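The block underneath contains the structure these notes are about, expressed in structure tokens.
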């Protein structure tokens with residue numbers, strides 16, 4: 001038989017029970033802690049990854065100064081010929097002859113013209129712009145010896161009076177007639193032309209004959225009859 005008193009046995013049993021309860025409580029706390037740690041959000045965990053190095057920035061496009069192209073120099077206006085001057089026709093030369101001369105004036109080689117008659121007439125107005133009154137009728141003859149027909153349909157006759165060469169008004173009557181369309185080789189063509197010229201202005205008269213832009217203008221100058 002044991003020598004220990006019988007009343008001490010119940011104390012060991014109580015101690016064992018208390019220790020068992022404490023062990024169970026510790027186990028519950030461990031399990032709860034592990035569960036809490038596992039369920040914690042990833043953001044709460046400290047990151048062990050080293051931060052990535054910052055990407056190097058490429059230089060800005062605007063860091064280089066903008067180059068402005070230099071405009072090409074414009075040609076000087078003086079280096080370009082004037083179009084208006086180039087387009088201006090060359091004036092026809094003028095040959096002067098006496099209005100009373102008996103020999104024809106040469107328009108060009110083998111083509112000549114002469115005032116064969118002048119008469120004082122009374123002009124009558126028939127067309128637009130005509131003015132009736134004292135007038136002079138000039139009879140003009142063109143002679144052709146060029147070897148071919150010469151066109152006369154574009155021939156223009158004008159008359160001028162006074163120092164300032166004022167144009168005289170042309171009339172159709174009395175007795176005015178134009179040149180024919182052409183004059184044959186070896187022939188002559190005659191036309192009559194009436195101009196209103198007051199008697200006081202007949203001391204200095206000019207009658208021009210223009211057969212073509214390719215020919216010179218013949219200007220007959222002198223006094224016209226007053227009666």
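Each reported figure results from applying straightforward, stated rules to the coordinates on display, with no laboratory input. Keep in mind that this is a model prediction, so the values were computed, not measured. With ideal geometry, Cβ positions are generated from the backbone for all residues, glycine too; neighbour counts draw on all protein chains shown.
Odds and ends about this structure:
- Inside the stretch 140-162, residues that are under 15 Å from residue 218 (Cα atoms) and in contact with a strand residue (DSSP E or B) (Cβ under 6 Å, 6 or more places away or on another chain) make up a count of 10.
- Residues in the stretch 191-205 that are buried (at least 19 other Cβ atoms within 10 Å of the Cβ) and in a strand (DSSP E or B): 193, 194, 195, 196, 205.
- Looking across the stretch 207-227, the residues that are surrounded by 19 or more Cβ atoms within 10 Å (Cβ to Cβ) and farther than 17 Å from residue 151 by Cα come down to 207, 219, 220, 224.
- Test for residue 213: is it out of contact with any strand residue (DSSP E or B) (no Cβ under 6 Å at 6 or more places or on another chain) and in a loop (DSSP other than H, G, I, E, B): yes
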